[in-house]
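Below: one structure, written as structure tokens.
The values are calculated or read from the model by the stated rules, or taken from the named source; none is laboratory data. The shown structure was predicted, so the numbers you read here are calculated from the model rather than taken from an experiment. Cβ placement follows ideal geometry from the backbone for every residue including glycine, while neighbour counts extend to all protein chains displayed. Heavy atoms of the whole protein, side chains included, go into the accessibility calculation; ligands, DNA and RNA do not. Shrake-Rupley method; radii C 1.70, N 1.55, O 1.52, S 1.80 Å.
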Amino acid sequence: MSERTFSWELFNKAPLVGIIRNVSPEDVKRILPIYREAGLTTVEITMNTPGATDIIRYAAENEHYGLNIGAGTVCTKDDLDAALEAGAQFIVTPVLSKKVVKSCVKKGIPVFPGAYTPTEIFNAWSLGASMVKIYPATALGPGYIKDLKAPMNQLKLLPTGGVSLENMEAFLKAGANGLGIGGQLFDKKLIQDKNWDGLKAHFLQFAQKLA
């Protein structure tokens, strides 16, 4: 497990979880410093990315300054153990696994489990989730966040899936406590072309919307 703990202070500076999926370890090494320089602070590496644990280990050892490094797509206790062993500081799941959430709560690791219906979301929160990832947020959009928050304003919500530069402000205005953004943030073409200046400019647009 990482001796370095998740920093809520860093997260609150830029409440966005950048989701890195299927990016090569070499590219991740280039991306993380750029991500931090742009003012973004929290990143998850999904466990279904080839070499995920090695990438997490590298990031936790070499890029932890000014960044929260977590693991995403954690579906089982085995995934969780591997992620924590690699040094993940927080855990994101696509589904609600009681076992994973309870284990994180017990260890004092922030966990953002995925849920969708009001009952699932409330159950995730009741189990001790730090924030509930509303996934996929695409179909119901910002209005759904507002509707959930009306009767349950104690919930902390992280809409993920379908969040973009165009609609992120609407999600935040609706009451989202943070945003999970993957492909829209880690632009495949810019990464493929190794256009690191372009990628930094792209990241800065997101950072500015958060500010």
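Overview of values
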{"quantity": "Hey, residue 43 surrounded by 24 or more Cβ atoms within 10 Å (Cβ to Cβ) and assigned to a loop (DSSP other than H, G, I, E, B) or not", "calculated": "no"}
{"quantity": "Selection from region 64-87 of residues that are in contact with a strand residue (DSSP E or B) (Cβ under 7 Å, 6 or more places away or on another chain), in a loop (DSSP other than H, G, I, E, B) and either within 25 Å of residue 201 (Cβ to Cβ) or free of Cβ contacts under 8 Å to residues at least 12 places away in the same chain (or both)", "calculated": "67"}
{"quantity": "Subset tally (residues that are farther than 19 Å from residue 119 by Cβ and not in a helix (DSSP H, G or I)) for region 129-159", "calculated": "2"}
{"quantity": "All positions within region 123-137 that are open to solvent by less than 90 Å² (accessible area, probe 1.4 Å) and either of a type in the set (S, T, N, Q) or at pLDDT below 95 (or both)", "calculated": "123, 126, 130, 136, 137"}
{"quantity": "Candidates 15, 33 - the one that is under 16 Å from residue 179 (Cα atoms) and either free of Cβ contacts under 8 Å to residues at least 40 places away in the same chain or surrounded by fewer than 22 Cβ atoms within 10 Å (Cβ to Cβ) (or both)", "calculated": "15"}
{"quantity": "Selected residue (only one of 113, 142 is open to solvent by less than 60 Å² (accessible area, probe 1.4 Å) and farther than 22 Å from residue 7 by Cα)", "calculated": "142"}
